[in-house]
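S.K.: Structure in structure tokens, see below.
The values are calculated or read from the model by the stated rules, or taken from the named source; none is laboratory data. Small disclaimer: the values here were computed from a predicted structure and weren't measured. All Cβ positions, glycine included, derive from the backbone under ideal geometry; neighbour counts span all protein chains shown. Heads up: the accessible areas ignore ligands, DNA and RNA and are worked out on the full protein's heavy atoms, side chains in. Shrake-Rupley method; radii C 1.70, N 1.55, O 1.52, S 1.80 Å.
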Amino acid sequence: MRAGTSDDNMMLQVSDVFCKRLPKVELHAHLNGSLSTKTLRELANLQKSLSGSDDAVWNIQEAIIEHGQKRTLEECFQLFGIAHSLTTTPAAVYKATQDVIKEFADDGVLYLELRSTPRSVPGVMSKAQYIQAMVDAIQNSTDGQILVKLMVSLDRQQGQESASETLDAVLTAHSQNPKLIVGLDLSGDPMKGSLTDYLPSLAHARNAGLKISIHCAEIPNPDEVEKILDFHPDRLGHCTCIHPLYGGSQELWIKLLNSHIPVELCLTSNVKCGTAESYKKHHFIHLFSVKHPVVLATDDKGVFSTSLSEEYMLTADSHGLSREQLWQMALSSIDYTFASEEEKNQLKDMFLQIKQLSDVQ
Ligand code: 6MZ
């Protein structure tokens, strides 16, 4: 019997099993939005055993009932508060980080850039300790299959003073762990705060050697998109409302395409928050069809009850993609990571070895 070839592989249907086995790169995952129900429960129980109060447990139970349902962007942001109420100590941040890494590894992710907004809790944890807890969790992660990097987030709602505090903490941590802490992200409720308040911090971080990713156009905001594209970050998150069909304009769309900046696309997040009408009408297809660099991502796999495999499956299903197209999309994602050139080459070798093995199976 002849071994299967890439051509045969192209003809095969994309399936859940295929998407799970596909080696993948996750570049847009927020720690507190990625916590699974299991982790939330365990953190709630831990908190209960330390404080004796079961308030958190009740909150969690209520949140879990509707975990993963469709909800407005505003409601999503309320939900993050529940995870935040449980990651208030270095030990909880450490556990949350380790659990999320393991879950991504179990889903076939070989490279993960995990991002989080450091929080200080008076008398318990500083922003520097929050970052250190994540660094420790990544360094002590026992799963040898997955390479993990950290991105620190600035929350656009928290103001300039908080942003410069975070910047100080991240720059110190970056100088101690230059290979592990790779980037700075600007995220947070797109209906709140002003981008311009954070551009100086982002520029400062860039000068210190950090890569920059900015959440862009989750809601229509042409002035902001213009400024973000002029800043030319290394990656963009979402870009939901830039295409003229989805609240943007032809001019902005062309400007995005001409920038060639890779876009992190989170289909389920956009559909469940209602910022994209459906998977089929997601702007993915407009970027993909003109070969603009894109990477599929989960955003908040806990809040939206998804996984990176599911994102590949849903994208293939709604846009009729073949196995080979998914392979190419997963492989090209490596170029958009903030890993070193050597790490990128190693990852590509690993992906191609896995591909060769699966082609002959
Ligand atoms: C913008 C988002 C987001 O940082 O506490 N975050 N920001 N748009 C989104 N789309 C739905 N999803 C998550 O994780 C939770 C935080 O990540 C940002 C928000 O600031 C949220 O509070 P961390 O680990």
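S.K.: Please list the non-local residues whose amide H lies under 5 Å from the amide H of residue 111, H modeled 1.01 Å from N, same-chain partners needing a gap of 5 or more.
M.R.: Result for residue 111 returns 24, 26, 147.
S.K.: I would also like to ask the following. In debye, nearest 20: dipole of region 200-300 around its Cα centre with unit charges on the Cβ of K, R (+) and D, E (-)?
M.R.: Dipole magnitude for region 200-300 comes out near 280 debye.
S.K.: Using every pair of alpha-carbon atoms in region 235-361, split the distances into 10 Å bins beginning at 0 and state the percent of pairs per bin, rounded to integers.
M.R.: Computed distribution, short to long bins: 12, 41, 35, 11, 1.
S.K.: Given a 1.4 Å probe and every protein chain left where it sits, what share in percent of the accessible area of the chain is carbon and sulfur?
M.R.: Result for the chain: 52 percent of the exposed heavy-atom area is carbon or sulfur.
S.K.: Let me ask something additional. Tell me, what HN-Hα J-couplings in whole Hz come from the Karplus equation 6.51 cos²θ - 1.76 cosθ + 1.60 at θ = phi - 60° for each residue of region 14-19, using x for Gly and Pro?
M.R.: Each residue's phi maps through the Karplus curve to give 6, 10, 4, 5, 4, 5 Hz.
S.K.: Place a +1 charge on the Cβ of each Lys and Arg in the chain and a -1 charge on the Cβ of each Asp and Glu, then give the dipole magnitude about the Cα centre in debye, rounded to the nearest 20. Don't skip to the end; give the middle numbers.
M.R.: On the way: 32 positive and 46 negative charges, 79 e Å.
For the chain, the charge dipole is close to 380 debye.
S.K.: Excluding same-chain residues fewer than 8 positions from residue 272, which lysines have a Cα within less than 19 Å of its Cα?
M.R.: 70, 280, 281, 301
S.K.: Once the convex hull of the alpha carbons of region 154-197 is built, what does its volume come to per residue, in cubic angstrom?
M.R.: Numbers: hull volume 2.7 nm³, N = 44.
Each residue corresponds to 61 Å³ of Cα convex hull volume.
S.K.: Whole number please: convex hull volume per residue of the Cα set in region 247-300, in Å³?
M.R.: Convex hull of Cα atoms, per residue: 80 Å³.
S.K.: For the chain, the longest stretch holding no GluC sites (Glu not before Pro) located in a DSSP loop with at most 15 other Cβ atoms within 10 Å is which?
M.R.: 67-276
S.K.: With n ≥ 4 as the cut-off for DSSP H runs, can you work out [θ] at 222 nm for the chain, using -39500 (n - 2.57) per run divided by the number of residues, rounded to the nearest 500?
M.R.: Details: 16 runs with 183 residues, N = 361.
After summing the helix terms and dividing by residue count, I get -15500 deg cm²/dmol.
S.K.: With respect to the cross-link table entries 192/255; 127/179; 24/95; 192/348; 255/344, which display a Cα-Cα separation exceeding 31 Å?
M.R.: Correct reply: 192/348.
S.K.: Quick one: what are the phi-derived ³J(HN,Hα) couplings along region 270-283, Karplus 6.51/-1.76/1.60 with θ = phi - 60°, whole Hz, x for glycine and proline?
M.R.: Working through the residues one at a time gives 5, 6, 5, 7, x, 7, 10, 5, 6, 4, 5, 9, 6, 5 Hz.
S.K.: Whose amide H sits under 5 Å from the amide H of residue 154, counting only residues 5 or more places off or on another chain, with H placed in the peptide plane?
M.R.: It is 185, 186, 187, by chain and number.
S.K.: Then there's this: Roughly how many debye, to the nearest 20, is the charge dipole of region 143-272 about its Cα centre, given +1 on each Lys and Arg Cβ, -1 on each Asp and Glu Cβ, and no other charges? Let's see the in-between values first.
M.R.: On the way: 10 positive and 16 negative charges, 77 e Å.
In total the dipole reaches around 360 debye.
S.K.: Sticking with this structure for a sec: Cα-based Rg (one decimal) and Dmax (whole number) for the chain, in Å?
M.R.: Rg, Dmax (Cα atoms, Å): 19.9, 68.
S.K.: Send over a whole-number figure in Å² for the accessible area per residue of the chain, probe 1.4 Å.
M.R.: 43 Å²
S.K.: Same structure again: In nm, to one decimal, how far is the modelled label at residue 348 from the one at residue 317, with both set 7 Å along Cα→Cβ?
M.R.: Simple spin-label model gives 3.3 nm for this pair.
S.K.: Across region 179-291, how large is the tail of the calculated P(r) beyond 23 Å, expressed as a percent of all Cα pairs? Can you show the working numbers first?
M.R.: Values: 1648 of 6328 pairs.
Pairs farther apart than 23 Å: 26 percent.
S.K.: If amide hydrogens are placed 1.01 Å from N in the peptide plane, which non-local residues have theirs closer than 5 Å to the one on residue 294?
M.R.: 263
S.K.: Report the gain in length on full extension from residue 51 to residue 260: 0.36 nm times residue separation, minus Cα-Cα distance, nm rounded to one decimal.
M.R.: Gain on stretching residue 51 to residue 260: 70.2 nm.
S.K.: Right, something else. Which distance in nm do the two modelled labels at residue 232 and residue 219 give, with both placed 7 Å along the Cα-to-Cβ direction?
M.R.: 3.1 nm
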